[in-house]
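Some notes on the structure that comes next.
The values are calculated or read from the model by the stated rules, or taken from the named source; none is laboratory data. Small disclaimer: the values here were computed from a predicted structure and weren't measured. Methodologically, a virtual Cβ is constructed for each residue, glycine included, from the backbone with ideal geometry; neighbour enumeration extends over all protein chains shown.
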Amino acid sequence: MDLKQMRYFLAVAEERHIGRAAERLHMAQPPLTRQIRALEAQLGTTLFLRTPKGVELTEAGATLLAEVPNLLALAQRAQERTRAAGQGVIGRLDVGLFGSGVLDVIPRLLARFHAQRPEVKIVLHSMTKAEQLEALRERRLSVGFNRLVPPSPDLVVETLLRERMMVALPETHALCAQAAVRVPDLADVPLILYPNLPLPGLAQQVMQAFAAEGTPLRVEQEVEDVLTAIALVAGGFGACITTASGTSLRLPGVAYRPLDCVHLKDIELSCIHRRGDPSPVLAAFLGVVRAQAGDGGGPGA
């Protein structure tokens, strides 16, 4: 029994008359009669009793009538949800995040996307860069956000914004009196570096900048995330070079100053996704990402 037969049966059952049902269906009466007889033959039972005034449902017909509206409604819902999935209106978006990436632009991106497509389920995953790249290749992530992502033929890396570099200092430090901090100013200052991870990241950029300036680097701590780094600054362990988005961590006892360094002016924040991924949900999200990038990224840019 297909959907067309269900609709024919429902029309006849509700009208109790073949002729009126045929008019409702915009078809001739003989083809409708043949369809009903074919359905009865297929089910092996009589669905209607013919009367001088029209037709009446048999017990079998009444049983079928109790089911058909639900079946048609389910079929309609399946069609609508399938169409919505094809348009990226429903579905799931698995997003890879990292430390300071959750502090500024990415939450605003996700909020904008959620407002546009509230039925898409957004699932967030806190991952290192290496974990994100592996999860993207294994299709456990739809999209990731990170910095200094190495080029790869199977992945697309799109720059979302470039963030200005800042220096987090204990608010009692003498360097807080300056409008900006240069790398040579940090020669004797203990530094907290992050992230302490195998793949190149901000810590390596800081090391390279100090080497390029010929300034000795005094490493006090190496940590995995920006929150730990800024918390150590608040505790008086030293200074930390971070991004503009990191300044949203307004911990007591911490002051921020711009870093004045030709070798480390800013750092990119990138969006990563599989090359050629056909997901409509991903395509819709990338549209939001590209619009944000076109706006200049936001406060951290």
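Things worth noting here:
- Qualifying positions in region 1-28 - over 51 Å from the mean Cα position of the chain (by Cα), surrounded by 15 or more Cβ atoms within 10 Å (Cβ to Cβ) and not basic (Lys, Arg): 17, 18
- Of all residues in region 122-157, those satisfying the criterion of being out of contact with any Lys or Arg (no Cβ under 8 Å at 6 or more places or on another chain) and among the polar types (S, T, N, Q) are 126, 128, 132, 152.
- Take the conditions (1) surrounded by fewer than 21 Cβ atoms within 10 Å (Cβ to Cβ); (2) touching a helix residue (DSSP H, G or I) at 6+ places or on another chain (Cβ under 7 Å); residue 231 misses just one of them, which is (2).
- Any hit, region 49-62, residues being in a helix (DSSP H, G or I), under 17 Å from residue 21 (Cβ atoms) and touching a residue at least 40 places away in the same chain (Cβ under 8 Å): yes
- Total residues in region 203-236, condition within 20 Å of residue 103 (Cβ to Cβ), in contact (Cβ under 8 Å) with a residue 40 or more places away in the chain and in a helix (DSSP H, G or I): 9
- Annotation note: of 184, 200, the sole residue that is modelled with pLDDT of 95 or more, surrounded by fewer than 18 Cβ atoms within 10 Å (Cβ to Cβ), in the same structural domain as residue 249 (by TED's automatic domain parsing) and outside any strand (DSSP E or B) is 184.
- Looking only at residues of region 110-130 that are touching a Phe, Trp or Tyr at 6+ places or on another chain (Cβ under 9 Å) and within 27 Å of residue 240 (Cα to Cα), we find that the one that is surrounded by the most Cβ atoms within 10 Å (Cβ to Cβ) is 129.
- Residue list for region 237-255, restricted to those being in a strand (DSSP E or B), among the hydrophobic types (A, V, I, L, M, F, W, C) and closer than 21 Å to residue 204 by Cβ: 239, 240, 241
- When residue 99 is tested against (1) closer than 30 Å to residue 147 by Cβ; (2) modelled with pLDDT of 90 or more; (3) buried (at least 16 other Cβ atoms within 10 Å of the Cβ); (4) not hydrophobic (A, V, I, L, M, F, W, C), exactly one condition is not met: (2).
- Pairs, first within 12 Å of residue 129 (Cα to Cα) and surrounded by fewer than 18 Cβ atoms within 10 Å (Cβ to Cβ) in region 139-162, second of a type in the set (Val, Ile, Thr) and at pLDDT 95 or above, C-beta under 6 Å, six or more apart: none
- Pairs with Cβ under 8 Å, 6+ apart, first in region 23-35 and within 16 Å of residue 6 (Cβ to Cβ) and among the hydrophobic types (A, V, I, L, M, F, W, C), second at pLDDT below 95 and outside any helix (DSSP H, G or I): 32/25
- Filter result for residue 258 (closer than 25 Å to residue 178 by Cβ and in a strand (DSSP E or B)): yes
- Verdict on residue 42 being free of Cβ contacts under 8 Å to residues at least 60 places away in the same chain, crowded, with 17+ Cβ neighbours inside 10 Å and assigned to a helix (DSSP H, G or I): no
- Meets criteria (touching a helix residue (DSSP H, G or I) at 6+ places or on another chain (Cβ under 8 Å) and at negative phi) for residue 74: no
- The condition (being crowded, with 17+ Cβ neighbours inside 10 Å, touching a residue at least 40 places away in the same chain (Cβ under 8 Å) and in contact with a Ser or Thr (Cβ under 9 Å, 6 or more places away or on another chain)) is satisfied by just one residue among 261, 271, 240: 271.
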